[in-house]
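Notes follow once the structure below has been shown.
The values are calculated or read from the model by the stated rules, or taken from the named source; none is laboratory data. Just so it is clear, the structure is predicted and the values come from calculations on it, not from any experiment. Using ideal geometry, Cβ is built from the backbone for each residue, glycine included, and neighbour counts are taken over all protein chains shown. For accessibility, only protein heavy atoms count, side chains too; no ligands or nucleic acids. Shrake-Rupley method; radii C 1.70, N 1.55, O 1.52, S 1.80 Å.
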Amino acid sequence: MVSIDFAPHGVCSKNIHVELDDAGETIEHVEFTGGCNGNLKAISKLVAGQPVSKITSILRGNTCGPRSTSCADQLCCALDAAQAEARA
């Protein structure tokens, strides 16, 4: 299993903990610290067990209010970082 903590930028959440399978292709677990608690718990449940590629294709580029990013978009960055770790 690949496990990382990612510090998101430009959003309310302060940390995104990501766990991927050994191959770095499937999301095992996601946990946000800070941010919109209910929404981020829901996102975490929805992405568990899903392929990274599917989730990033859906969520990448999502914005929040006037921000150019969102917690969902930052999750894509965290998933990218976790996949890079898996390939290292």
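With the structure loaded, tell me whether SER3 is within 20 Å of PRO51 (Cβ to Cβ) and either outside any strand (DSSP E or B) or hydroxyl-bearing (Ser, Thr, Tyr) (or both) or whether it fails that test.
Yes.
Kindly list, by first and then second residue, each pair from a residue in segment 6-20 that is within 15 Å of ASN39 (Cβ to Cβ) to a residue that is in a strand (DSSP E or B) and open to solvent by 50 Å² or more (accessible area, probe 1.4 Å), limited to pairs with Cβ atoms under 9 Å and residues at least 6 apart or on different chains.
Here the result reads SER13/THR33; ILE16/ASP5; ILE16/GLU31; ILE16/THR33, each pair linking segment 6-20 to a residue that is in a strand (DSSP E or B) and open to solvent by 50 Å² or more (accessible area, probe 1.4 Å).
Could you run through segment 27-46 and say how many residues are outside any helix (DSSP H, G or I) and of a type in the set (D, E, K, R)?
Within segment 27-46, residues that are outside any helix (DSSP H, G or I) and of a type in the set (D, E, K, R) number 2.
Would you mind stating whether CYS71 is touching a Lys or Arg at 6+ places or on another chain (Cβ under 7 Å) and either buried (at least 16 other Cβ atoms within 10 Å of the Cβ) or at pLDDT 95 or above (or both)?
Taking the combined requirement at face value, the residue does not satisfy it.
Which of the residues belonging to segment 8-18 are closer than 13 Å to ASP80 by Cα and of a type in the set (A, V, I, L, M, F, W, C)?
ILE16, VAL18
Among the residues of segment 1-24 satisfying the criterion of being under 13 Å from the mean Cα position of the chain (by Cα) and of a type in the set (Asp, Glu), which is least open to solvent (accessible area, probe 1.4 Å)?
Among them, the one singled out is GLU19.
Could you tell me which of the residues GLY24, GLY49, GLY65 is within 21 Å of HIS9 (Cα to Cα), among the small types (Gly, Ala, Ser) and assigned to a loop (DSSP other than H, G, I, E, B)?
When all the criteria are applied, what remains is GLY65.
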